[in-house]
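Each remark here refers to the structure printed beneath this line.
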Amino acid sequence: MKILIASDSYKNALSSQHVANAIEIGFKRVFDDFIYEKVPLADGGEGTIDSLKNVIKNYKEIEVDVLNPIEEKIKAKYILTDDNTAIIEMAKSTGIELVNESKRDVINSTSFGFGQQISDAIKNGAKKLILTIGSSATNDVGIGMLQALGVKFYNDKNEEISHQHILTAKDISQIDNFDISALRSLRDVKILIACDVENILYGKNGATYTFAKQKGAKSNEIEFLEQSIIKFSSVCERKLQKKIHNEKGSGAAGGVGFALQAFLNAKSRSGIETVIEFINLEEKIKESDLIITGEGRVDEQTVYGKTIMGVLNIAKKYNKPVIILAGALDKGYEKLYSYGATSIFDITPSNLPLEDLLLKTEKNLIATSYAIANTMSISLK
């Protein structure tokens, strides 16, 4: 039997590769003679570059000095392939994991570092950009990123505000006009957004109401952010003659999806679909007898473009059984059965504080995999 282990990471606990290794250890205790193939996956958030590096033959990894979301100097890497395609992971420069939880302050956070990554890739000859924009710490509707790319922003008195300081979410409401002439250098660059959510820019399912709280926004800041983004969207749509705010993915990464689509004509695509295409996952699933996948939390949101759904869609096409291993199960996870899941397991055996559970993730994953393999062995005897 050939088992394909194709899982996302367990956030704050294990990388995709470590997840695959743990599952393999558990299964091999029972089925040492099976064939195992491990394919680390990601859906556009942290770990996407690491997943793609496994299949890209010729590339160089470039490190650039950038500012993280709270303007601390850090180094961020991106990939440049031999056909001048840059793969840039926003999480490397502007990810939420780059900011200690006690320092998270979405009002004063910026996507400027992501713009620095993009700018550096263009200087290094990139003709195509694949931008993975999951796991961001920001809700600045991309104004920091655009500032780093040379866009100038003005207030209602025609005073430039972008030369005064690095722009953050608190500056969105001041913007009344902008100059995009600096973006001419990107005119011939093809830009693809690899996105792990389909949220629109604003409203009940928009960037702010859906994600700002988990990025550190206080209750009294959420409405300020929402109204600021609505105003900025109106300014952009009047100036650029485009209506983007209802496009799928425009609310991704705190509105960076909107900025990329509106200012740079970027096309948005599911992050997991982008990864699947790169690593030729369909062929790997087709050639396997059992697929094991998973991620840190599985709930009713999982059906909306997450890694597991990418795996299930292909597996269903070839009538392959799929086992899902979750760090935690929450409301609505049962929906996945109707999409082709064979069985779904929560690897967490006890009700412990989150910090304790995270430390035991690998141990629990191995134990759960071992238990599943033992159960499978009964029917194979």
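The values are calculated or read from the model by the stated rules, or taken from the named source; none is laboratory data. The structure displayed is predicted, hence computed values, not measured ones. As a convention, Cβ positions derive from the backbone with ideal geometry for all residues, glycine included, and neighbour counts pool all protein chains shown. Ligands, DNA and RNA are excluded from the accessible area calculation, which covers all protein heavy atoms including side chains. Shrake-Rupley method; radii C 1.70, N 1.55, O 1.52, S 1.80 Å.
Assorted remarks:
- Residues (surrounded by fewer than 23 Cβ atoms within 10 Å (Cβ to Cβ) and in contact with a Ser or Thr (Cβ under 6 Å, 6 or more places away or on another chain)) located in the range 124-147: Lys128
- Once the range 156-173 is narrowed to residues that are within 21 Å of Lys215 (Cβ to Cβ) and not basic (Lys, Arg), the residue that is surrounded by the most Cβ atoms within 10 Å (Cβ to Cβ) is Ala169.
- In the range 1-45, the residues that are crowded, with 24+ Cβ neighbours inside 10 Å and touching a Gly at 6+ places or on another chain (Cβ under 6 Å): Ser7, Ser9, Tyr10, Ser16, Asp43, Gly44, Gly45
- Hey, Gln214 surrounded by fewer than 16 Cβ atoms within 10 Å (Cβ to Cβ), modelled with pLDDT under 95 and in a helix (DSSP H, G or I) or not: yes
- Complete set of residues in the range 329-381 that are β-branched (Val, Ile, Thr) and touching a residue at least 60 places away in the same chain (Cβ under 8 Å): Thr361, Ile366, Thr368, Ile372
- With respect to the stated conditions, Ala367 fails to be outside any helix (DSSP H, G or I) and surrounded by fewer than 22 Cβ atoms within 10 Å (Cβ to Cβ).
- Look at (1) closer than 21 Å to Ser270 by Cα; (2) assigned to a helix (DSSP H, G or I) and you find that Glu223 fails only one, number (1).
- The residue of the range 95-123 that is surrounded by the most Cβ atoms within 10 Å (Cβ to Cβ), among those that are assigned to a helix (DSSP H, G or I) and basic (Lys, Arg), is Lys103.
- Residue that is modelled with the highest pLDDT [pool: residues in the range 50-81 that are within 22 Å of Ile276 (Cβ to Cβ) and either buried (at least 23 other Cβ atoms within 10 Å of the Cβ) or of a type in the set (D, E, K, R) (or both)]: Tyr78
- Evaluation of Val235 against (1) touching a residue at least 40 places away in the same chain (Cβ under 8 Å); (2) open to solvent by 30 Å² or more (accessible area, probe 1.4 Å) (one fails), failing number: (2)
- Any hit, the range 2-23, residues being aromatic (Phe, Trp, Tyr) and closer than 22 Å to Leu359 by Cα: yes
- Asn220 within 30 Å of Tyr304 (Cβ to Cβ) and free of Cβ contacts under 8 Å to residues at least 12 places away in the same chain: yes
- Single condition Asn246 does not satisfy, out of (1) open to solvent by 60 Å² or more (accessible area, probe 1.4 Å); (2) in a loop (DSSP other than H, G, I, E, B); (3) in contact (Cβ under 8 Å) with a residue 60 or more places away in the chain: (3)
- Subset tally (residues that are of a type outside the set (Val, Ile, Thr), part of a helix (DSSP H, G or I) and surrounded by 18 or more Cβ atoms within 10 Å (Cβ to Cβ)) for the range 184-208: 2
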